[in-house]
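Heads up: the structure comes next, in structure tokens.
The values are calculated or read from the model by the stated rules, or taken from the named source; none is laboratory data. What you are looking at is a predicted structure, and each value in this text was computed from that prediction instead of being measured. Cβ: placed from backbone, ideal geometry, glycine included. Neighbour counts: every protein chain shown.
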Ligand code: ATP
């Protein structure tokens, strides 16, 4: 394999706090090794539309603490086509970029896998998504910050819930995965946690609320992942209100605040570690792998594996969450 001289870096898909720390780490690690770095704006969209500029070390100063992504992110329908990906490759060749670091979720890594299969360019992925739903890594960048945001918000909701004896249904992000719901639910001492991975039939939830909330508690918090199967927080809250007319049932949908904010120390360190490891991987002639962290150690996970394999929820934590909410 020819020696790499110029790396392109981009952020793609949903933004996640800590993406900036990853961009900084990739840029500085590459410069440290004598490579040039080019920032590609707006993900694959910018690769197709030639929004590509050289990054110096100073361009990534003072960004480690900032949420969002200085490179912007986007979703690109064109990149899903062979023609779109060919146009992207033409632009990379124009700028003499000979390796890519892609920071994004499973969709972004699926695109990267196709791109590296079709074109002769090594690609390394960094898992950047608040959902933590990528197989092969214990944590993805942004997950820890998102959980902390949920916990901070729910602690406040708990105060008002308790003042009024209210039962709150709090909807958190997670269309296909309940990682945010489970971890934040445990951290908030939620009375129940509803996740897409598990069917919680309504009678079961009702019984649960009867034994826990009605009998002994002055407030109740049910964390609902948005992809949960019973119709979402509003739907379930309506049913519960009909059955528990003595209680004031409320719904809060936390929405996009979960994506924003200054990244936690954990996310900054994870992003720095993974960003540096991505450059190391390229210099070691690795390609088509995602950088993961398992038991605090860097691992290289083939794109195929992380895209196809399913990461399950921690069953032990699920069980614990039920026991601790009695
Ligand atoms: P998040 O998990 O935060 O939503 P993501 O990376 O999964 O992030 P997606 O919108 O699924 O976000 O994917 C980002 C981009 O990756 C898409 O807009 C598209 O350009 C590219 N992509 C996704 N899936 C494919 C695919 N099957 N083929 C080619 N490109 C794809």
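Here are 138, 131: which of them is over 30 Å from residue 36 (Cα atoms), more than 10 Å from the ligand (Cβ to nearest atom) and assigned by TED's automatic domain parsing to the domain that holds residue 283?
138
If I filter region 221-234 for residues that are under 14 Å from the mean Cα position of the chain (by Cα), at pLDDT 90 or above and assigned to a loop (DSSP other than H, G, I, E, B), do I get at least one hit?
Checked region 221-234: no residue is under 14 Å from the mean Cα position of the chain (by Cα), at pLDDT 90 or above and assigned to a loop (DSSP other than H, G, I, E, B).
Might you let me know whether region 129-138 holds any residue that is in a loop (DSSP other than H, G, I, E, B), farther than 14 Å from residue 290 by Cα and modelled with pLDDT of 95 or more?
Looking through region 129-138, at least one residue is in a loop (DSSP other than H, G, I, E, B), farther than 14 Å from residue 290 by Cα and modelled with pLDDT of 95 or more.
For region 61-71, indicate whether the set of residues that are in contact (Cβ under 8 Å) with a residue 12 or more places away in the chain, more than 13 Å from residue 8 (Cβ to Cβ), near the ligand (Cβ under 9 Å from one of its atoms) and surrounded by fewer than 23 Cβ atoms within 10 Å (Cβ to Cβ) is non-empty.
no
Quick one: which residue in 78, 83 is without any contact (Cβ under 8 Å) to a residue 24 or more places away in the chain, within 15 Å of the ligand (Cβ to nearest atom) and on the phi < 0 side of the Ramachandran plot?
Only one candidate passes the filter, namely 83.
Tell me which of these residue 210 doesn't satisfy, since it passes every other one: (1) out of contact with any helix residue (DSSP H, G or I) (no Cβ under 8 Å at 6 or more places or on another chain); (2) under 20 Å from residue 324 (Cβ atoms); (3) at pLDDT 95 or above.
So the condition that residue 210 fails would be (3).
Only one of these is within 16 Å of the ligand (Cβ to nearest atom) and within 19 Å of residue 255 (Cα to Cα): 117, 155, 144. Name it.
144
Could you tell me whether residue 162 is touching a strand residue (DSSP E or B) at 6+ places or on another chain (Cβ under 6 Å) and either under 16 Å from residue 17 (Cβ atoms) or outside any strand (DSSP E or B) (or both)?
no
Among the numbered criteria (1) away from the ligand (no atom under 11 Å from the Cβ); (2) within 18 Å of residue 129 (Cα to Cα); (3) surrounded by 22 or more Cβ atoms within 10 Å (Cβ to Cβ), which one does residue 37 miss?
For residue 37, the exception is condition (2).
Here is a list: 321, 272. Which entry is in the same structural domain as residue 104 (by TED's automatic domain parsing) and either in contact (Cβ under 8 Å) with a residue 60 or more places away in the chain or assigned to a helix (DSSP H, G or I) (or both)?
Details: 321 fails: in the same structural domain as residue 104 (by TED's automatic domain parsing).
Testing whether each residue is in the same structural domain as residue 104 (by TED's automatic domain parsing) and either in contact (Cβ under 8 Å) with a residue 60 or more places away in the chain or assigned to a helix (DSSP H, G or I) (or both) leaves just 272.
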